[in-house]
Amino acid sequence: MEATINGVVVRSDGDNGLRIQFATRQATSSTPHHCNIIITNPAPKTIAAMRKEKGKVTLKAGYRDGGMGLIFQGEILQVRNGRESVADTYVHVIATSGENGRNYAVVNKALSSGHTYSDRVKVAMDAFKGLGLRQGFVDELSQRKFPRNFVAHGMAADLMREICRANDANWFIQGDQVHLLKSKSTLPGGTHVINADTGMVWLPEQTIEGVIVKVLLNYDIYPGSKVQLNNASIQQAQFSPATSGSAQNELYKDGSILALSADGTYKVWRVEHEGDTRGGNYYTTLTCTAKELAPALSSLIVDVPSDVDQAGTQ
């Protein structure tokens, strides 16, 4: 694998070089994607070079026979260092993707009567561009023409949120691209077939967050991708016999928010990559929902860091 942190390139092939541990979390929500990289026993000058302000981070990973692919691109939030043991030190890099654009991009423009949602999206995208982001995939939106003038004033993130609510969509930042994706849509790029022959590890499981499936690291799957699963391999959620569990039980029934897809087609809404150059396989964990039921779930998606994302070394 290879990490580039503030221009400092750190490589490891699992046998030689530094030990590198990584974990990324990305979703179809406006919550900034984030990444943790832990490097064991780096040189002091390497740590000093990583601490420069406004540093950039790219993380590539893969397998010896299959090459490497980009799994994260963002900006440094924090660089901290400490000790794993008496003999070993570490540096922990925490990075986010597009956080400056999401938090600080401002819109201030008037649109005349007859404008559309696409015109409003362009206003927001122009604001994001000023902070290093660019327009990614933008789904087809309502062609309604507004009868009155509109003054876009405030945060670009708020404008995007309003547009998404009106069009049953979500917006998110992947790397340096801003995507706007309708709930029933998936990103271009075809369907990823997931089974034991294509790297699936153990069996998918139906949970309160969606269907969770673990595969050997796959850098071609992003939030918003479409995957094909064999429904017969999915471990169905267990209903709770308690009175307090009845509401949650309803969510799993056919046609409800967390039901299995009728044809095995699912939309990925969260992607988590993890690996350790001294610890065996690299994995990608996908959280998916039935594509046809995604509109009901989209309003419930709030991606927040887990305890693992805040962890140090051990």
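The values are calculated or read from the model by the stated rules, or taken from the named source; none is laboratory data. This is a predicted model, so every value here is computed, not measured. Positions of Cβ are generated from backbone atoms using ideal geometry, with glycine treated the same way; all protein chains shown enter the neighbour counts. Side chains included, ligands, DNA and RNA excluded: accessible areas come from the protein's heavy atoms. Shrake-Rupley method; radii C 1.70, N 1.55, O 1.52, S 1.80 Å.
General remarks:
- Any chance THR4 is assigned to a strand (DSSP E or B), in contact (Cβ under 8 Å) with a residue 24 or more places away in the chain and among the hydroxyl-bearing types (Ser, Thr, Tyr): yes
- Answer residue from region 230-255, given it is in contact with a strand residue (DSSP E or B) (Cβ under 6 Å, 6 or more places away or on another chain) and open to solvent by less than 90 Å² (accessible area, probe 1.4 Å) and is nearest to CYS288 (Cα to Cα) among those: ILE234
- Of all residues in region 201-214 being of a type in the set (A, V, I, L, M), at pLDDT 90 or above and surrounded by fewer than 20 Cβ atoms within 10 Å (Cβ to Cβ), the one that is nearest to the chain's Cα centre (by Cα): ILE212
- In region 221-273, the residues that are without any contact (Cβ under 8 Å) to a residue 60 or more places away in the chain and of a type in the set (Ser, Thr, Tyr): SER225, SER233, SER240, THR243, SER244, SER246, TYR252, SER256, SER261, TYR266
- Restricting region 262-303 to residues that are part of a strand (DSSP E or B) and either open to solvent by 50 Å² or more (accessible area, probe 1.4 Å) or among the polar types (S, T, N, Q) (or both), the residue that is modelled with the lowest pLDDT: THR289
- Condition met for THR89 (open to solvent by 30 Å² or more (accessible area, probe 1.4 Å), β-branched (Val, Ile, Thr) and touching a Pro at 6+ places or on another chain (Cβ under 8 Å)): yes
- Breaking point among (1) surrounded by fewer than 20 Cβ atoms within 10 Å (Cβ to Cβ); (2) modelled with pLDDT under 95, for ASN149: (2)
- Across region 26-51, the qualifying residues are those that are open to solvent by 20 Å² or more (accessible area, probe 1.4 Å) and either touching a Cys at 6+ places or on another chain (Cβ under 8 Å) or assigned to a loop (DSSP other than H, G, I, E, B) (or both), and the one among them that is farthest from TYR266 (Cα to Cα) is ALA43.
- Number of the condition not met by GLN310 [criteria: (1) open to solvent by 40 Å² or more (accessible area, probe 1.4 Å); (2) at pLDDT below 90; (3) touching a Leu at 6+ places or on another chain (Cβ under 6 Å)]: (3)
- Among the residues of this structure, ASN108 does not count as one that is open to solvent by 10 Å² or more (accessible area, probe 1.4 Å), in a strand (DSSP E or B) and in contact with a helix residue (DSSP H, G or I) (Cβ under 7 Å, 6 or more places away or on another chain).
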